[in-house]
1. Find the residue count for segment 136-163, including only residues that are in contact with a Phe, Trp or Tyr (Cβ under 8 Å, 6 or more places away or on another chain) and either modelled with pLDDT of 85 or more or on the phi < 0 side of the Ramachandran plot (or both).
2. Does Ile32 satisfy the condition of being surrounded by fewer than 17 Cβ atoms within 10 Å (Cβ to Cβ) and more than 30 Å from Asp122 (Cβ to Cβ)?
3. So the check is Cβ under 8 Å with 6+ separation or different chains; which pairs have a first residue in segment 56-70 that's modelled with pLDDT under 90 and surrounded by 13 or more Cβ atoms within 10 Å (Cβ to Cβ) and a second one that's of a type outside the set (Asp, Glu) and not in a helix (DSSP H, G or I)?
4. Looking only at segment 59-91, count how many residues are of a type in the set (Val, Ile, Thr) and under 20 Å from Asn24 (Cα atoms).
5. State whether the residues of segment 112-121 include one that is touching a residue at least 12 places away in the same chain (Cβ under 8 Å), farther than 23 Å from Leu29 by Cβ and part of a loop (DSSP other than H, G, I, E, B).
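The values are calculated or read from the model by the stated rules, or taken from the named source; none is laboratory data. Since the structure is predicted, the reported quantities are computational estimates derived from the model, not experimental observations. Methodologically, a virtual Cβ is constructed for each residue, glycine included, from the backbone with ideal geometry; neighbour enumeration extends over all protein chains shown.
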Amino acid sequence: MAETQEDSEKSVTGPSKFQRLRGNKNFRLWLIAGLMAIVVVLFIFFEKLRIALVIAFITLTVAMGLEVSNNDWDLGKLWETKSFEQSKVARDDVGNVLFDKNGDITTDKSLGKKADDYNCDDFSTKPEAQRFYEKVGGVGNDVNRLDGDKDSEACESLPIGNN
């Protein structure tokens, strides 16, 4: 399938508007606030759903608190270590979650960057880049543009290596 001029321009210009919004902390805060407002309106009009709506509102309140305070925990690491301190997800100065080179959310700020800050130069071998590419989105969400020709193979110029 031939690449259209629009597809070509998108790969040069960077992430889509949706991807930029998803990474924007202010957008996430407004989205949570909007959902809370919707829950309040539904609570007023739908008496039979009130218990579920109270649970939804409490959940959104917790989400708002975590977002405002830039706190998040890796539940797998929390289960493994039983320590909130060791499982706290690392974020940059504006609240973006950081990923390590394996594509995992990291709890160590020195080992990570935003997912869309990685490029082929960050990887030593093609399999290493491929694992990262698949974990952070693959073809449908290649915010890093690791797969320029969109054939599902990341950083084809890197050596195969023994990974």
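1. Of the residues in that region, 7 qualify.
2. In short, no.
3. As it stands, the answer is Glu67/Gly95; Asn70/Arg91; Asn70/Gly95, since those pairs meet every condition given.
4. 4
5. Yes, that holds for at least one residue.
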